[in-house]
Amino acid sequence: AASHEDVLSAASDEDALIESIGEGPSDPLERLNRVFFWINRGIEVAVLDPVSQIYGMVVPDPAKRAVRRAFTNLNSAGVFANDVMQCEGEDAMATALRFAINSTVGLAGLFDLASELGLARHESDFGETLWRHGEPDGPYLFLPVLGPANARDAIGRTIDGLMRPEFYLLGPIERIAIDATDGLTLREGHLDGLNALRQSSLDFYSAFRSAYVMSRDAELRRRSEVSARSR
């Protein structure tokens, strides 16, 4: 049977867990974040949700996957740079080879022939690079149009944007068109999940914030564990 001390210790641990969950992510700008959140939500309801639904019905699934692969291929320069900064030599080499193969015989990334040759795709971004080097999350932010982030990842997104080749090769209108198309393909795939979260939560903002923070944290830890196993 458990001792009195064990019971007290377990209860203390449980209380600490409940307290940490109750605190939630650091959100000192919550009032402003909520304003931007609901402005964005209005844009989504009026424009993005209907367009995403039409896109989902009109564009065949194979075409959606091909478009997503092409944008993933475009992001290879940033992934490669972050692999190097994270001292992941094998990942950096795989990223470079994937880009060379998919940009040529893969028709600009529409087809992922590199995966068929055993070069699996992976993600890497500057927010992750900062995290690997011990930078804290910082406060939660909800950025106009761009959506959720923390202070560290907001900086990371800016740096990642500067590492994308289209930033230097295309004008602002062309870049906006590319980002909009990329965002549309990504959003269409998450539309059902977003609607389910909205319908099941009493406070959509708080639920969305918690879901984002937990998802991002799990993503970073998963990538770190995969890298550690591959060494």
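Residues to consider are Asp192, Asp112; find the one that is farther than 27 Å from Ile39 by Cβ and either under 14 Å from the mean Cα position of the chain (by Cα) or of a type outside the set (Phe, Trp, Tyr) (or both).
Every option except Asp112 fails the conditions.
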Hey, among the residues in the stretch 188-220 that are in contact with a Ser or Thr (Cβ under 6 Å, 6 or more places away or on another chain) and at pLDDT below 90, which one's surrounded by the most Cβ atoms within 10 Å (Cβ to Cβ)? Glu188
Return the residues of the stretch 50-97 that are over 21 Å from the mean Cα position of the chain (by Cα) and of a type in the set (D, E, K, R); say none if nothing qualifies. Asp61, Glu90
Log entry, pairs with first residue in the stretch 113-136 being polar (S, T, N, Q), second being part of a loop (DSSP other than H, G, I, E, B) and surrounded by fewer than 19 Cβ atoms within 10 Å (Cβ to Cβ), beta carbons closer than 8 Å, six or more apart or on different chains, reads Ser115/Arg121
Looking only at the stretch 84-112, how many residues end up being touching a residue at least 12 places away in the same chain (Cβ under 8 Å) and within 12 Å of Arg69 (Cα to Cα)? 10
Regarding Glu225, is this residue over 15 Å from the mean Cα position of the chain (by Cα), among the charged types (D, E, K, R) and surrounded by 12 or more Cβ atoms within 10 Å (Cβ to Cβ)? no
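Results for (1) in contact with a helix residue (DSSP H, G or I) (Cβ under 7 Å, 6 or more places away or on another chain); (2) modelled with pLDDT under 80; (3) of a type in the set (Asp, Glu), shown as yes or no for each residue.
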| position | (1), (2), (3) |
| --- | --- |
| Ala1 | no, yes, no |
| Glu5 | no, yes, yes |
| Phe36 | no, no, no |
| Thr72 | no, no, no |
| Asn102 | yes, no, no |
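For the stretch 178-187, name all the residues that are open to solvent by less than 50 Å² (accessible area, probe 1.4 Å) and either modelled with pLDDT under 70 or hydroxyl-bearing (Ser, Thr, Tyr) (or both).
Of everything in the stretch 178-187, those that are open to solvent by less than 50 Å² (accessible area, probe 1.4 Å) and either modelled with pLDDT under 70 or hydroxyl-bearing (Ser, Thr, Tyr) (or both) turn out to be Asp182, Gly183, Leu184, Thr185.
The values are calculated or read from the model by the stated rules, or taken from the named source; none is laboratory data. In this text the structure is predicted, and so the values were computed from the model without any measurement. Reconstructed Cβ throughout: ideal geometry from the backbone, glycine too, with neighbour counts over all protein chains shown. Quick note on the areas: whole protein, heavy atoms, side chains included, nothing else; ligands and nucleic acids left out. Shrake-Rupley method; radii C 1.70, N 1.55, O 1.52, S 1.80 Å.
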